[in-house]
1. Have a look at 128, 149 and point out the one that is free of Cβ contacts under 8 Å to residues at least 40 places away in the same chain, more than 18 Å from residue 36 (Cα to Cα) and either out of contact with any helix residue (DSSP H, G or I) (no Cβ under 9 Å at 6 or more places or on another chain) or surrounded by 16 or more Cβ atoms within 10 Å (Cβ to Cβ) (or both).
2. In this structure, is residue 78 over 19 Å from residue 32 (Cβ atoms) and either assigned by TED's automatic domain parsing to the domain that holds residue 218 or not in a loop (DSSP other than H, G, I, E, B) (or both)?
3. Please verify whether residue 198 is part of a helix (DSSP H, G or I), in the same structural domain as residue 255 (by TED's automatic domain parsing), surrounded by 13 or more Cβ atoms within 10 Å (Cβ to Cβ) and in contact (Cβ under 8 Å) with a residue 40 or more places away in the chain, treating the condition exactly as stated.
4. Scan region 217-229 residue by residue and report those that are at pLDDT 90 or above and surrounded by fewer than 16 Cβ atoms within 10 Å (Cβ to Cβ).
5. Within region 54-63, is there a residue that is under 20 Å from residue 143 (Cβ atoms) and out of contact with any helix residue (DSSP H, G or I) (no Cβ under 6 Å at 6 or more places or on another chain)?
6. Does residue 107 satisfy the condition of being at pLDDT below 85 and either in contact with a helix residue (DSSP H, G or I) (Cβ under 9 Å, 6 or more places away or on another chain) or in a helix (DSSP H, G or I) (or both)?
7. Between 25, 92, which is more than 30 Å from residue 266 (Cα to Cα), assigned by TED's automatic domain parsing to the domain that holds residue 119 and in contact with a strand residue (DSSP E or B) (Cβ under 9 Å, 6 or more places away or on another chain)?
8. Might you check whether a residue that is exposed (fewer than 14 other Cβ atoms within 10 Å of the Cβ), part of a loop (DSSP other than H, G, I, E, B) and at positive phi occurs anywhere in region 240-249?
């Protein structure tokens with residue numbers, strides 16, 4: 001996928017299905033705009049599915065698409081919620097009002113292989129969807145899982161056609177080095193919060209053991225992890241047993257709990 005026009009074409013191609021899938025959030029939550037974006041950790045733009053191809057076409061024609069705050073290397077983002085209130089978004093929202101949306105937010109979900117963005121927009125005078133999410137996030141979180149599940153075949157196809165972000169962004173802003181909290185500062189900060197034991201635990205793990213524990217926390221079975229790491233399931237189980245011993249855990253559930261904490265602390 002080399003050009004924005006190609007991305008627009010497949011959005012038009014799948015627009016009927018996307019509109020059908022987004023009907024529940026339109027009817028129940030007054031969502032007037034939805035977009036799903038995936039970028040992998042090689043900096044490839046895997047997919048964009050948009051409920052408003054006409055808006056996408058406008059952004060491409062006016063080059064407003066280049067101001068999109070979510071077009072950067074995935075290492076720049078963490079799982080969470082991002083409100084449409086950054087400087088670039090202000091310019092985008094000014095034009096988006098003509099397409100029946102004037103505010104919104106993006107749910108960001110980070111995994112080992114890629115990062116997913118789920119963008120929800122609406123009309124503030126009708127429904128403040130940001131407040132709706134704060135008061136009850138279930139409708140939004142359940143929808144993102146539903147949307148991905150219903151588009152498995154499309155996502156699998158688009159995954160094979162991904163293109164580097166640098167080829168889509170004229171000024172080549174896809175930079176993996178966007179960390180304003182360097183390692184030295186991060187460790188000092190964690191030590192000040194009393195996480196010395198967790199830092200030491202992370203240091204004990206090898207690169208391969210860290211990969212195995214990440215997949216465990218992601219819910220992967222030993223067989224699934226083995227396929228991703230190109231190892232045998234028995235080898236993965238061997239690594240998990242080593243991890244259990246190094247972290248002084250009595251079972252895999254404890255390994256999961258400790259591993260999740262280490263990942264949340266970004267110790268690997």
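1. That would be 128, the only listed residue that is free of Cβ contacts under 8 Å to residues at least 40 places away in the same chain, more than 18 Å from residue 36 (Cα to Cα) and either out of contact with any helix residue (DSSP H, G or I) (no Cβ under 9 Å at 6 or more places or on another chain) or surrounded by 16 or more Cβ atoms within 10 Å (Cβ to Cβ) (or both).
2. Taking the combined requirement at face value, the residue does not satisfy it.
3. Yes, satisfied.
4. Correct list: 221, 223, 224, 227.
5. no
6. So residue 107 does not fit the description; no.
7. 25
8. yes
The values are calculated or read from the model by the stated rules, or taken from the named source; none is laboratory data. Nothing here was measured: the structure is a model prediction, and the numbers come from that model. Ideal geometry is used to build each Cβ from the backbone, glycine not excepted, and the neighbour counts take in all protein chains shown.
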